[in-house]
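What follows is a set of notes on a single structure, which appears directly below.
The values are calculated or read from the model by the stated rules, or taken from the named source; none is laboratory data. Since the structure is predicted, the reported quantities are computational estimates derived from the model, not experimental observations. Every residue, glycine among them, receives a Cβ derived from its backbone with ideal geometry; neighbour counts consider all protein chains shown.
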Amino acid sequence: MNNQLYPFERNRYYPGKMLTTADFQAEQDYYINKSRFMNSLMYGAGIVCGLGVFSLDDLSILVESGVAIDGTGREIVVDSSVVRKLSAVEGFDSIKGDMATLCVRFKEEPVHTVYSVSHKDTDKEYEFNRISEGYELFLTEKKAKVKDYELQTEFLLRETLFKTTNYLAELIIPAIMSKDRNVRIVLSVKKISDEDVRLSTRGILELPVFATPDGKQELEVSAEDLHLSQGEVWRRDYWIRVQDVPANETNIILKSGSLQAFENDAAVSTSQSFTQKIRLTKDSPLELVNDEIGRMNLEMRGMGGEKNLIRLADIKIARTDSSYLIEEVQESGRRKHIAAPAQELLRSHYLEYFNKSVDLNGTPASGAAPVGDYAQRAAEGEIPEIATGVLEIPLGRNVKPGDIRYSGEIAHGLGKGNVHVDVGYEYISEDRTLGGSAKSTIYGNPELFAGHSDDMLQLETAVRVLNDKGSFVVAARILGPVDHLVLSFRWVAMRFPTGNDLEMLEDFYDRSISAETPTVTMGTKESHFFGVQFNNMKACSITYELTAPGSGEISADGIYTAPGKEGVYEIHIYCTDMPVICTYAYAIVKRKEHLEEAAADSAALDKESRLK
């Protein structure tokens, strides 16, 4: 059958046109194909309503009335319930195993014979006057898979944890995620052999800018004592929250050496680690999904899959020498339904019994701010207010060292009174750690970072706060050559606490953060992720910075890359919206040969202590 519905071509009428059978057929094809084309795009393939399958007795089945749409947009209407002996359904004789799949497909046939007035001796004397659109039930072997093509896009990443002759374990992760939203990671295990083998596995994921429901930045993924049949897939969902960080990219890292797998209690070989890059965006999940689905062209939608049938149920059959018995009818998980707009009101009503906006594990629901977020708590009056934003100062074409330029008057939004405002110079440079360009902000004197980037402009800044107006003005003095036309700054304003506000600040004193690994010994040019543990507080956005020039590099999501020289280097870690809550971590950097010597000395001391 030709499933191509387009391009569309309709009749063009003009005076004196002689209409033939082909013209009338073209008229029908145009409107029929247009309708089916829109059905396939707007609804897809599946069951609209009804078509339930039940076992009436050991030999017979009942198929309820209902409607379905197949892969080419044709409506399949079962106008009344149907009772059939299973042996009378087409395809029964070809079923060899104990499992069969009951399907329905569109079927049309000519009906209503009439006398053909214009027939000739060589023509048929009678012709069919109508075409009846109906359906046909049939059975197929369950093992002969009914193709259900899943469109593969780049929206979901599949990272292989390990593959043996018996099992394939993968992580399924969205390639792009919305900041300040919940996101799901799926551990998928598939049995790929028919051997009787049990599987257990566990591994630890490091999550630099994510938080688990208990506020950690590490997530253990595991499966215990799986016993699957060939082709069976087991899945487990893990929910984490994306923090609202400035970075536009991050990584999900399989912790080196953490992945273990056992088949029948015997260890199997697994990969040591992987790093999966994830894009971050402020767009909502709905915008991301709509954008991805909108990318699919007609060729992608038309690829693969069996378009001419709808699966209704799997039927388990017990055979005897001369007959058969229907043991079970399995509908759950075998049927694909279409979410018709006319059913939306009833669907929403039923879902109210399951959906709740508050996450029971303490993680805010999608769209809600983290409990520990400074701006959210300030809005609720718990702690002093803070505001931030971006401003630009135009330079003009003839600027030279020593010139001073001013911003316009900017309202900080905290009202009149004693407010502190600080500004930082923003610039874009190449970041080897992230493998691309990255935005940086320097608060204070940029001269201290003069050797870090050729794109950095040397300048000094001052801020004049207009307390009685609730605004401020920024001045910038150019200290070196410049080829920019506009300077970009990030400003942060904080109202000084007074009166009762001072009591509110006491809330900070029982909250703290600490590095999961405060001190790490590593080789030159090696990388390490500094995870953060939150104490008496919810997870919040974290900022990492090096306290001295030449200390290596650290990305926005906490991945530290050691420099090429030995030394002890300090990393300052603090809550982005609450800098008073901070901690420090240290990297002891040694050359590879020195690390090997230290490891050998440690092993010798350990052996000596055991002998004693």
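Observations, loosely collected:
- Members of the stretch 513-539 found to be free of Cβ contacts under 8 Å to residues at least 40 places away in the same chain and under 19 Å from Asp214 (Cβ atoms), listed by number: Asn535, Asn536
- Qualifying residue in the stretch 189-198 (condition: among the hydroxyl-bearing types (Ser, Thr, Tyr), part of a loop (DSSP other than H, G, I, E, B) and surrounded by fewer than 20 Cβ atoms within 10 Å (Cβ to Cβ)): yes
- Residue ranges of strands (runs of 3 or more DSSP E) in the stretch 1-93 with at least 1 members surrounded by fewer than 18 Cβ atoms within 10 Å (Cβ to Cβ) and on the phi > 0 side of the Ramachandran plot: 46-50
- Of the criteria (1) farther than 24 Å from Phe274 by Cα; (2) at pLDDT 85 or above, which one Val532 fails: (1)
- Test: residue in the stretch 120-134 that is at pLDDT 90 or above and under 27 Å from Arg347 (Cβ atoms): no
- Residue check for Tyr544: surrounded by fewer than 21 Cβ atoms within 10 Å (Cβ to Cβ) and assigned to a strand (DSSP E or B): yes
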